[in-house]
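The values are calculated or read from the model by the stated rules, or taken from the named source; none is laboratory data. The structure displayed is predicted, hence computed values, not measured ones. No Cβ is skipped: glycine too gets one built from the backbone with ideal geometry, and neighbour counts run over all protein chains shown.
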Amino acid sequence: MNEKTPPIRLVPIDVGRRRSLALATAAVAFPSLALAQSGPIKIGYVTALSGVRAPFGVADEWHFARIRALLKNGFESGGKRYPIEIVLKDNQSDPNRSQQVASDLVLRDKVDLMLIQDGDASAPAGQLCDVHGIPMISTMTPWQSFIFGRQGKPDVGFPFSFHFMWGAEDIATNYIAMWNAIKTNKIVGTMYVDNPPGQAFADPKRGMPPAMAAAGYKNVNAGFFKIATDDFSNQVELFKSNNAQITSGFMFENHIATFWKQAQQGGYHPEAVTVAAAFLFPSFLKALGAAGNGMSSEVWWTPDFPFKSSLTGQSAKAFAADWEKSTGNQWTQPLGYAHALFEVGLGALRTASDPRDHKSVREAIRSMELDTIVGPVHFKNSPIKSVAKTSLVSGQWRKAPAGSRFPFELKVVANPTAKIIPTNAEMMLLSQLK
């Protein structure tokens, strides 16, 4: 090791599965930059490495290795270089543990900036950060669950907590655009996980129900179900008896897998299955086998998005190719947002007048207009205070051509809320794809 380069100090991280993941950086002196002499700027990072939401955090360790390399010489802001220490916590997909790990980061680790990758943790972490004056940025859940999950007001926002993501209204607009492109009876059977994102989707005033009604769709609502539910026979019977040719809602992978198996056994054969969250991951489509062909959902991010990273300059396509080459796995949608979370967090530190001053970092977030790998993240002048809305389109999974590396590919079939992202296929009925 070069004698002028201090070794990277390993920071033990509690990730809930008795694993340690160290991510610390040491500053290096450069002739043109003054070295910040005090301790490192601490960033807390909350994600789900285990539990039902673990697929959202599957790329974290891979991604952190690249962030570590990016920050190996410290971080530059205002003519100085600062060491950055990132403390990762696994909330185990558990709301109660989210409260605990957020408390540990704020009170024990005394972080200077909080990044929340698992959006379900944004409420407990945001409440703590607002009380203690620590800037927080979260993502990966509709903005409604961030605002209304804490009884917030869109025209007021919060003192120190911020969020970037699309909203339930964008989901509804994209889903309806897909459904309008196919011929059905316009009867939709819906069901939702009983958690903040599910509640945002089901909101009778701001979620999917009013948008569906306005577009002429009848909603057969099976209501909420608990996250541990493994029997959907009642929902299957309700949708079948009402001849719901479209199935929709908010579910995780294990839920839709069980529901779909029971639907086929019960003789329920809808023409479209458009579900939020469950179809984000190609690994799940692969597990479904032939049944995965034609499943549809929102599209957060793909390699075809015409954006690039503000940190590395990589295009979305190059970033996804890096993941696939080094892991052997197909790209996944949360991969882009995990990277964008660091883009936004480090962007705030870079532009703050003093990256060690919490109020200064907060003001940098409030005034941010940053182009990221997932698209524009603009907090400045946002009509929803503390929120930057991001681009969203909708897509359908299709069986890949013979000889392809992966069995399914995601086609963008509608883009009513983000015309900058081109479509590359037309929506089809499930019966047409058999």
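Among the residues of segment 318-335, what is the count of those that are among the hydroxyl-bearing types (Ser, Thr, Tyr) and either crowded, with 16+ Cβ neighbours inside 10 Å or in contact with a His (Cβ under 7 Å, 6 or more places away or on another chain) (or both)? Give the steps one after another, and end with the answer.
Residues of segment 318-335 among the hydroxyl-bearing types (Ser, Thr, Tyr): 326-327, 332.
From the residues that got through so far, the ones that are either crowded, with 16+ Cβ neighbours inside 10 Å or in contact with a His (Cβ under 7 Å, 6 or more places away or on another chain) (or both) too are 332.
Total meeting the criteria: 1.
Restricting segment 336-395 to residues that are at positive phi and part of a loop (DSSP other than H, G, I, E, B), which is surrounded by the most Cβ atoms within 10 Å (Cβ to Cβ)? Lay out the reasoning, then the answer.
Residues of segment 336-395 at positive phi: 375, 381, 386.
With part of a loop (DSSP other than H, G, I, E, B) added as a condition, the list becomes 381, 386.
Details: ASN381: 7, SER386: 26.
Looking at residues that are at positive phi and part of a loop (DSSP other than H, G, I, E, B), I get SER386.
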Next on the checklist: Name the single residue that is modelled with the lowest pLDDT among those in segment 224-266 being assigned to a loop (DSSP other than H, G, I, E, B) and among the polar types (S, T, N, Q).
Outcome noted: THR229
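For residues in segment 273-288 being touching a Gly at 6+ places or on another chain (Cβ under 8 Å) and at pLDDT 90 or above, which is farthest from ALA202 (Cα to Cα)? Write out each step before concluding.
In the first step, residues of segment 273-288 are kept if they are touching a Gly at 6+ places or on another chain (Cβ under 8 Å); the result is 273, 275-276, 284-286.
With at pLDDT 90 or above added as a condition, the list becomes 273, 275-276.
On the way: VAL273: 17, VAL275: 13, ALA276: 12 Å.
In this case the residue turns out to be VAL273.
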Checklist entry - Based on what the data block shows, is ALA244 touching a strand residue (DSSP E or B) at 6+ places or on another chain (Cβ under 8 Å), under 22 Å from TYR268 (Cα atoms), touching a residue at least 40 places away in the same chain (Cβ under 8 Å) and of a type outside the set (Phe, Trp, Tyr)? => result yes
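Go through segment 204-226 and count every residue that is closer than 17 Å to GLY149 by Cβ and surrounded by fewer than 19 Cβ atoms within 10 Å (Cβ to Cβ).
We begin by selecting, within segment 204-226, every residue closer than 17 Å to GLY149 by Cβ; these are 204-208, 224.
Still in the running and surrounded by fewer than 19 Cβ atoms within 10 Å (Cβ to Cβ): 204-205, 224.
So the count comes out to 3.
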Item to check | Condition check for THR417: assigned to a loop (DSSP other than H, G, I, E, B), closer than 30 Å to GLY328 by Cβ and in contact with a strand residue (DSSP E or B) (Cβ under 8 Å, 6 or more places away or on another chain) | outcome: no
Item to check | Test: residue in segment 123-133 that is of a type in the set (S, T, N, Q) and surrounded by fewer than 24 Cβ atoms within 10 Å (Cβ to Cβ) | outcome: yes
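Quick one: how many residues across segment 286-330 are under 14 Å from LYS411 (Cα atoms), in contact (Cβ under 8 Å) with a residue 40 or more places away in the chain and not polar (S, T, N, Q)?
Kept after step one, since they are under 14 Å from LYS411 (Cα atoms), are these residues of segment 286-330: 292-305.
Now restrict to residues that are in contact (Cβ under 8 Å) with a residue 40 or more places away in the chain: 292-302, 304-305.
Filter again for not polar (S, T, N, Q), leaving 292, 294-295, 298-301, 304-305.
Going through segment 286-330 one residue at a time, the tally reaches 9.
So is ALA291 assigned to a helix (DSSP H, G or I) and at pLDDT 95 or above or not?
Here the answer is no, as ALA291 does not meet what is asked.
For every residue, the table says whether it meets (1) over 24 Å from LEU107 (Cβ atoms); (2) of a type in the set (Lys, Arg); (3) touching a residue at least 24 places away in the same chain (Cβ under 8 Å).
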{"site": "HIS132", "(1), (2), (3)": "no, no, yes"}
{"site": "MET136", "(1), (2), (3)": "no, no, yes"}
{"site": "PHE146", "(1), (2), (3)": "no, no, yes"}
{"site": "ARG150", "(1), (2), (3)": "no, yes, yes"}
{"site": "PHE164", "(1), (2), (3)": "yes, no, yes"}
{"site": "GLY167", "(1), (2), (3)": "yes, no, yes"}
Checklist entry - Do any residues in segment 66-82 that are among the hydrophobic types (A, V, I, L, M, F, W, C) have Cβ atoms under 8 Å from those of residues that are part of a helix (DSSP H, G or I), where the two are at least six apart or on different chains, and which pairs are they? => result ILE67/PHE342; PHE75/LEU346; PHE75/LEU349; PHE75/ARG350
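On the basis of being of a type outside the set (A, V, I, L, M), over 20 Å from the mean Cα position of the chain (by Cα) and closer than 25 Å to ALA123 by Cβ, does ARG356 make the cut? Full working, then the answer.
Working: of a type outside the set (A, V, I, L, M): yes; over 20 Å from the mean Cα position of the chain (by Cα): yes; closer than 25 Å to ALA123 by Cβ: no.
No: the conditions fail for ARG356.
Rundown of residues vs (1) among the aliphatic types (A, V, I, L, M); (2) in contact with a helix residue (DSSP H, G or I) (Cβ under 8 Å, 6 or more places away or on another chain); (3) under 22 Å from ALA172 (Cβ atoms); (4) assigned by TED's automatic domain parsing to the domain that holds ALA48, yes/no style:
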{"site": "PRO197", "(1), (2), (3), (4)": "no, yes, yes, no"}
{"site": "PHE201", "(1), (2), (3), (4)": "no, yes, yes, no"}
{"site": "GLY207", "(1), (2), (3), (4)": "no, yes, yes, no"}
{"site": "GLY216", "(1), (2), (3), (4)": "no, no, yes, no"}
{"site": "SER241", "(1), (2), (3), (4)": "no, no, no, no"}
{"site": "HIS255", "(1), (2), (3), (4)": "no, yes, yes, no"}
{"site": "PHE259", "(1), (2), (3), (4)": "no, yes, yes, no"}
Checklist outcome for this item: Of the candidates HIS358, HIS339, the one satisfying the condition of being outside the structural domain of ILE182 (by TED's automatic domain parsing) and over 24 Å from ALA65 (Cα atoms) is HIS358
Next on the checklist: So LYS42 passes all but one of these: (1) under 20 Å from PHE146 (Cβ atoms); (2) part of a strand (DSSP E or B). Which condition number does it fail?
Outcome noted: (1)
